[in-house]
Amino acid sequence: LAKRNLSSLGDEKWLILEQVFKSALHCSKQSIARHCLDQLEKQFKPTSRRVTTLNAMYHESIDDFKSADDIYSNLLDENETDAIVQKRQISLLKEKNQIREAISQLNTYLELYQADQEAWSELCDLYLSEHDYAKAAFCAEELLLINPHNHLHHERYASIRYSQGDDYEKARTYYFSALKINPANIRALYGVVLTSTNLAMKNSSRSTESNQVYVEQIQWAREQIIQKYREAIPDLLPVVELALQSLAL
């Protein structure tokens, strides 16, 4: 970057520098990030909120959490509705392993930005890390309402309900809805095997007809999994078949 003349790009140069800065932080290349930040600070006023936010991100990357938090707090004092800064502050709390504080602040954020899929997804992950499956399921339901056509949202909700262990039927339903949107979802196919197996075992003393449905669904899902691995990664087929055998009724 330093050897290239970016002046021919005009104002586009600063957007490129910003992206290179963020990529450098992601790759732990602080020296490159510092070089980009110096140029951005030289071009724009020190009071620029965007550059100030980048400066706080740089402090995060070198584990200077106090300086980063002070910068974010000052920015929020000026504009408490700044979504980007709020999310950076939540990310900082997570980085410091202050999960409960991050959850509290993320809930406050979602009171203002209720349609933010990324925020609901992050809150779901945080609740799962605390083993609070009921609240994680609520977050997953919000994601389904916002974007019902995303098969990953269906699969995620199904997995949470399966982990709760109190409604395998609902979990199975959402695994199937994930497969309806994306038939190649391997995790959903495994989910069908697991939920149908549990339901068959749970209802073993009841209707033989309903149990036969579960057995047929297990067999169908197993065949789909084997077929997809045979087509994509045949070397793993023996391992997959062994794993499926361990899940047999």
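Here are some notes:
- Residue count, the stretch 153-185 (criterion: buried (at least 16 other Cβ atoms within 10 Å of the Cβ) and either of a type outside the set (S, T, N, Q) or on the phi > 0 side of the Ramachandran plot (or both)): 19
Every residue, every condition in (1) farther than 24 Å from residue 103 by Cα; (2) in contact with a Lys or Arg (Cβ under 9 Å, 6 or more places away or on another chain), yes or no:
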{"site": "119", "(1), (2)": "no, yes"}
{"site": "123", "(1), (2)": "no, yes"}
{"site": "141", "(1), (2)": "no, no"}
{"site": "211", "(1), (2)": "yes, no"}
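- Selected residue (only one of 119, 140 is within 13 Å of the chain's Cα centre (by Cα) and either more than 22 Å from residue 187 (Cβ to Cβ) or in the same structural domain as residue 221 (by TED's automatic domain parsing) (or both)): 119
A quick yes/no check of all residues on (1) under 29 Å from residue 129 (Cα atoms); (2) hydroxyl-bearing (Ser, Thr, Tyr); (3) at pLDDT 90 or above; (4) in contact with a Leu (Cβ under 8 Å, 6 or more places away or on another chain):
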| position | (1), (2), (3), (4) |
| --- | --- |
| 4 | no, no, no, no |
| 27 | yes, no, yes, no |
| 30 | no, no, yes, no |
| 37 | no, no, yes, yes |
| 66 | yes, no, yes, no |
| 71 | yes, no, yes, no |
| 103 | yes, no, yes, yes |
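- Under the condition of being assigned to a helix (DSSP H, G or I) and either out of contact with any Ser or Thr (no Cβ under 9 Å at 6 or more places or on another chain) or touching a residue at least 60 places away in the same chain (Cβ under 8 Å) (or both), the residues counted in the stretch 96-108 number 8.
- Selection from the stretch 26-52 of residues that are under 14 Å from residue 88 (Cα atoms) and either of a type outside the set (Ser, Thr, Tyr) or surrounded by fewer than 17 Cβ atoms within 10 Å (Cβ to Cβ) (or both): 49, 50, 51
- Any hit, the stretch 224-240, residues being surrounded by 11 or more Cβ atoms within 10 Å (Cβ to Cβ) and in contact with a Ser or Thr (Cβ under 9 Å, 6 or more places away or on another chain): no
- Checked against the criterion of being hydroxyl-bearing (Ser, Thr, Tyr), surrounded by 16 or more Cβ atoms within 10 Å (Cβ to Cβ), within 24 Å of the chain's Cα centre (by Cα) and more than 30 Å from residue 106 (Cα to Cα), the stretch 191-214 contains one or more residues that satisfy it.
- Leading residue by the ranking (farthest from the chain's Cα centre (by Cα)) among those in the stretch 62-113 that are surrounded by 13 or more Cβ atoms within 10 Å (Cβ to Cβ) and acidic (Asp, Glu): 70
- Checking each residue in the stretch 135-152 for being crowded, with 21+ Cβ neighbours inside 10 Å and polar (S, T, N, Q) picks out no residue at all.
The values are calculated or read from the model by the stated rules, or taken from the named source; none is laboratory data. These figures come from a predicted structure and were not determined experimentally. Positions of Cβ are generated from backbone atoms using ideal geometry, with glycine treated the same way; all protein chains shown enter the neighbour counts.
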